[in-house]
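We did not get these values from a lab; they are worked out from the coordinates using the rules stated. Just so it is clear, the structure is predicted and the values come from calculations on it, not from any experiment. Cβ coordinates were reconstructed from backbone atoms using ideal geometry, including for glycine residues, and neighbour counts include every protein chain displayed.
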Amino acid sequence: MSIKADFGIETPGTSAVATPVSRSTPWNGLLSELGRAPLGIQCCLAVVAGFAGLALLAPVLAPFGEASVLGDSYAAWGTRARDINGGSIGTHWLGTDQMGRDMLSRLLFGLRTTLEMALAATLLAALIAAPLGILAAFRRGWIEQALLGFMHMLTIVPTLIVALLVLAISGPSAAIMIAVLAAGSVPDLFRTMHMATTSVLSAGYTDAARLRGETAFWIIQHDVLPNVARTAAAAVLRAGCVITLVFTTVSFLGMAMPSPVAELAAMVRENATLLTYGVMTPLLPACAIALFVLALGTIANWVARDLSGSHHGR
Amino acid sequence: MHPVLKAVLQRLSIWIASLLGVSVVVYALAGLLPETFAADFLGAAAKPEAMARFDSRIEHPAAANYPGWLAGVLRGDFGSPYASGDVPVEPVAAIIAPRLRNSLALAGIAVLIAVPLALVLGAAAASGPGGWAERLTAGVAGIVNVSPVFLIAYATALLFSVWLGWFAPLATVTQDMSPGAWIARVALPVLTLIGLIAGPLSRSIRFEIAMLMASPYVQAAKLRGVRPDRIAKRYALPNAWSPVVRAIAWSLIGALPGLVVVESVFAYPGLGHLLVEAASARNIPVVQACVLIFASLIVLLHIATDLVEIANDPRLRHQR
């Protein structure tokens with residue numbers, strides 16, 4: 001909506017008759033739209049970008065190794081870290097965990113694990129669901145019915161419970177965890193893509209394209225994708241929120257990652273004893289998860305705002 | 001055939017077929033046990049003979065054995081759990097029965113409080129947009145939507161157990177507890193579950209009521225000067241049953257993973273905690289039984305919702 005308005009203002013003044021109006025690429029449009037986003041949304045973007053940056057730079061930023069046991073367990077915040085000879089080698093800014101590993105370093109590596117897993121599962125789900133959704137919309141009939149029925153089956157048992165069953169059989173495995181998380185989010189993304197594509201295909205301009213003799217591929221590229229992009233983006237971001245929450249829950253229950261790997265939710269479980277003494281440190285990683293999901297979900301709602309905007313008027 | 005009966009049979013057959021599909025997957029998945037499972041389960045130090053004996057006791061799924069397995073499950077016979085020794089062990093059903101009772105008791109109390117609470121708060125939020133009820137429900141639902149369940153559970157424990165010291169931090173109940181002691185022990189998981197259910201549910205109730213009140217026939221009745229209490233009773237309520245029951249069922253299904261986490265955090269001896277314990281111990285028959293029971297509960301909720309919907313659809317009852 002805002003993009004259209006901008007074209008309306010720009011074109012009369014700036015474009016000469018001879019030069020074709022320069023179409024903004026999707027990336028330029030996205031960047032300028034982000035620049036004009038409300039302050040709250042920009043804060044959410046900063047939170048997500050900040051978490052991503054911390055996760056990427058975890059090996060550089062972390063003062064100590066992910067699995068290195070350094071001192072006493074449950075040391076207080078700001079305790080000096082000492083090597084075997086008692087020499088100072090730094091500070092445990094957030095103390096140490098139940099095995100005497102540096103909490104801050106574990107937090108950074110844990111964030112990295114959490115985001116890696118959530119990103120991989122979300123991308124996998126989107127890559128599976130989007131083509132299937134478009135396919136089901138194009139091929140009405142038994143393919144559509146079979147896909148809808150299959151997706152219905154997938155949604156009956158909550159992903160958390162499926163994950164516990166599958167990981168109990170396979171043992172802790174990042175790849176299988178990603179597959180289960182993706183499978184849990186595919187039905188929602190599939191239905192979103194299916195509905196959005198179906199509504200585009202019922203529009204007059206796709207009828208016109210078909211009558212012109214355009215191929216299905218051309219219609220997908222020129223009519224479907226541009227029109228479902230925003231819906232799809234919002235759905236993928238929401239799937240990212242759900243996947244993050246489900247993954248961290250499985251990890252909290254001790255089933256997701258093999259032992260020395262740091263992960264935010266697993267850290268909560270490992271250090272939960274501290275809470276009984278009123279020490280908040282174990283809640284830090286849990287709050288980090290909540291903050292990330294809050295930021296991502298708010299961005300998703302903002303991306304979808306024009307879509308839901310039409311309903312408010314009624 | 002009467003259209004109501006036809007609709008009922010149609011919905012029932014869809015859900016029973018779905019549940020059968022789930023049972024096939026749950027049964028077949030056990031066929032994917034890794035080769036090294038005996039060593040994983042018994043520990044790498046186990047003797048080869050012990051591993052061989054363990055392997056021979058494991059039931060490997062085969063298509064021909066599925067009907068027999070399913071018949072057993074329908075009779076409540078879930079087989080025997082994996083065991084490391086040769087001592088006879090309790091059957092899975094005997095392990096599960098008390099756990100299921102405990103879970104139903106815990107969830108039952110939480111639901112009996114949370115659902116009426118959500119209905120009242122949702123109605124209050126719908127009748128006063130921008131008021132305290134709307135802000136409260138939006139706030140709680142917002143927190144529940146973005147927080148992992150264990151964060152909410154630990155925050156509840158921190159507040160009511162560590163700081164205020166009102167309730168026991170762990171819900172380790174036993175069979176021979178007096179009802180009073182039992183209630184005091186389960187207070188924390190019940191409080192957490194109430195938040196998990198009532199938060200999102202009050203939001204959907206508010207949404208459903210707002211949709212109803214904005215519908216053309218309610219608007220028309222208002223314009224005709226029908227009294228508000230009559231609008232609520234005669235116009236809104238008969239049409240509210242289906243969406244409200246659907247919202248309740250969905251919120252309960254949505255809170256089921258939450259039950260698993262809450263039971264685990266507070267060490268409550270319920271089915272969800274058993275599922276997690278059995279999954280970490282990789283005791284597959286127990287996990288399968290828990291998953292099937294949860295799936296059946298979910299399907300039962302779906303069926304109940306569909307029946308309410310059919311019963312409240314006048315198009316089916318008065319067909320020409």
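Reducing segment A:236-274 and segment B:96-112 to their Cα centroids gives an inter-centroid distance of 26 Å. Sorting B:176-183, B:10-17, A:248-255 by average packing, meaning the other beta carbons within 10 Å per residue, from highest down gives A:248-255, B:10-17, B:176-183. Mean per-residue shielding of peptide A:166-175 is 5, counting Cβ atoms of other chains within 10 Å of each Cβ.
With an 8 Å Cα cut-off and a minimum separation of 6 or more residues, compute the relative contact order for chain B in percent. Relative contact order, chain B: 25 percent. Cα axis of helix A:174-201 to longest principal axis of chain A: angle in degrees, 0 to 90, nearest 10? Helix A:174-201 sits at roughly 20 degrees to that axis. Shielding by partners for peptide A:150-157, expressed as the average number of C-beta atoms from other protein chains within 10 Å of each residue's C-beta, is 5. Taking each DSSP H run with n ≥ 4 as -39500 (n - 2.57) and averaging over every residue of chain A yields -22500 deg cm²/dmol at 222 nm. Farthest towards the positive end of the charge dipole of the protein assembly as shown, among the residues A:P172, A:T159, A:L57, is the Cα of A:T159, using unit charges on the Cβ of Lys, Arg, Asp and Glu. Counting only Cβ charges, +1 for Lys and Arg and -1 for Asp and Glu, the dipole size of segment A:159-294 around its Cα centre is about 120 debye. Against the main long axis of the alpha-carbon atoms of chain B, helix B:179-213 sits at an angle near 40°. Derived from the Cα gyration tensor, the three semi-axes of the equivalent ellipsoid of segment B:1-136 are 44, 25, 15 Å, largest first. Calculated mean residue ellipticity, 222 nm, chain B: -24000 deg cm²/dmol, from DSSP H runs (n ≥ 4) at -39500 (n - 2.57) each, averaged per residue and rounded to 500.
Projecting the Cα atoms of A:A262, A:G133, B:V149 onto the charge dipole of the protein assembly as shown, computed from C-beta unit charges around the Cα centre, puts A:G133 farthest toward the positive end.
Among A:A67, A:H92, A:V47, whose Cα projects farthest towards the positive end of the dipole of segment A:18-157, with charges put on the beta-carbon of Lys, Arg (+1) and Asp, Glu (-1)? Value: A:V47.
Let me have the relative contact order for chain A, percent, based on Cα pairs under 8 Å that are six or more residues apart.
Rounded, it is 20 percent for chain A.
Near A:G95, once Lys and Arg are set to +1 and Asp and Glu to -1 for all other residues with Cβ below 12 Å from its Cβ, the sum equals 0.
What is the magnitude of the charge dipole of the protein assembly as shown about its Cα centre, with +1 placed on the Cβ of each Lys and Arg, -1 on the Cβ of each Asp and Glu, and no other charges, expressed in debye to the nearest 20?
Roughly 2280 debye for the protein assembly as shown.
Compute the helix-to-body angle for B:132-146: its Cα long axis versus the longest principal axis of chain B, expressed 0 to 90° and rounded to tens. Helix B:132-146 sits roughly 30 degrees off the main axis of chain B.
Per residue of B:16-29, how many C-beta atoms from partner chains lie within 10 Å of its own C-beta, taken as a mean?
3
Note on segment B:251-307 and segment B:1-26: Cα centroid distance 22 Å, given to the nearest whole angstrom.
Using 0.36 nm times the number of residues separating A:R82 and A:H222, minus their current alpha carbon distance, what extension gain do you get? Don't jump to the answer; show the numbers that get you there.
Working: separation 140, 0.36 × 140 = 50.40 nm, distance 6.27 nm.
Full extension from A:R82 to A:H222 adds 44.1 nm.
Per-peptide packing, taken as the mean over residues of other Cβ atoms within 10 Å, places B:76-84, A:110-118 in the sequence A:110-118, B:76-84 from highest down. Counting Cα-Cα pairs of segment A:58-207 in 5 Å increments starting at 0 gives whole-percent bin shares of 2, 9, 13, 13, 11, 10, 9, 8, 7, 6, 5, 4, 3, 1, 0, 0.
Translational diffusion coefficient of chain A (Stokes-Einstein, Kirkwood radius from Cα pairs, 25 °C, 0.890 mPa s): 109 µm²/s.
Would you kindly calculate the translational diffusion coefficient of segment A:66-115, applying Stokes-Einstein with the Kirkwood radius from alpha carbon pairs, for 10 °C and a viscosity of 1.306 mPa s, and quote it in µm² s⁻¹ without decimals?
147
Taking the average, over residues, of other Cβ atoms within 10 Å as the packing measure, peptides A:218-228, A:290-300 rank A:290-300, A:218-228 from highest down. The distance between label points at A:L123 and B:A62 comes to 4.3 nm (points 7 Å beyond Cα on the Cα→Cβ vector). With neighbour counts taken as other beta-carbon atoms within 10 Å, the residues A:T273, B:T137 rank, fewest first, as A:T273, B:T137.
With the alpha-carbon atoms of the protein assembly as shown aligned to their principal axes, the span from lowest to highest coordinate is 80, 71, 55 Å, starting with the largest.
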